[in-house]
Amino acid sequence: MKSTAGTNIKRTRVVLADNHPVVVEGLASILESQGHIEIVGKAYDGEEASELYDQFSPDVRMLDCCMQKKNGLQVVIELMSRRGFPPRITVITAYESEQDIRQAMKAGAKAFLGKGAPPQQIREAVRRVANGETFLPPEIGSKLAESMSHLELSHRNRGSTLYGPRQK
């Protein structure tokens, strides 16, 4: 993050990626209304997203899971596998299944939002991710927690407690 001239407010540089231009422009409008968030690049497919991330080295990368040429999950995995400072990635998507959430977070995303998220939640996600924090709105966190509670135990783990088999 860069300091704005003459102030202590740090500018947060963001690259947006979504295959729908109206979504990219809407997100840009929401984020730039803050004054300290600068959109440095806009991508409309996964390949372009990777190129812009390399070109601009933004503080936060916000991308959709479902894009052409490379999907968002592929982009997250690719960016996380590179050496150097790990990227700070926010996934925003229309698909909020437990599997999508788990895969994105496991791959290295720091935040996961639905496209129906209110503007203040989108801005908060970018702010927190830029600060190195993780952000999951309550409804996404609940879905993730619910999916974790239903993970099927392997055959070996059935009948045992967290600390091993019960002693009699």
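Side notes on the structure shown:
- Of all residues in segment 115-168, those being modelled with pLDDT of 90 or more, surrounded by 10 or more Cβ atoms within 10 Å (Cβ to Cβ) and in a helix (DSSP H, G or I) number 11.
- Test: residue in segment 108-115 that is closer than 21 Å to I30 by Cα, of a type in the set (K, R) and in contact (Cβ under 8 Å) with a residue 24 or more places away in the chain: yes
- When G46, G108, G41, G26 are checked against the criterion of being within 17 Å of F135 (Cα to Cα) and among the small types (G, A, S), a single residue qualifies: G108.
- K70 within 16 Å of L16 (Cα to Cα) and in contact with an Asp or Glu (Cβ under 6 Å, 6 or more places away or on another chain): yes
- Output for segment 19-74, where each listed residue is hydroxyl-bearing (S, T, Y) and either buried (at least 17 other Cβ atoms within 10 Å of the Cβ) or in contact with a His (Cβ under 7 Å, 6 or more places away or on another chain) (or both): Y44, S50, Y53
- Members of segment 11-33 found to be over 16 Å from the mean Cα position of the chain (by Cα), touching a residue at least 40 places away in the same chain (Cβ under 8 Å) and farther than 19 Å from K115 by Cα, listed by number: none
- Entry remark, segment 96-108: residues being in contact with a Lys or Arg (Cβ under 9 Å, 6 or more places away or on another chain) and either surrounded by fewer than 17 Cβ atoms within 10 Å (Cβ to Cβ) or not in a helix (DSSP H, G or I) (or both) number 3 in total.
The values are calculated or read from the model by the stated rules, or taken from the named source; none is laboratory data. Just so it is clear, the structure is predicted and the values come from calculations on it, not from any experiment. In this analysis, Cβ positions are derived from the backbone assuming ideal geometry, glycine residues included, and neighbour counts consider all displayed protein chains.
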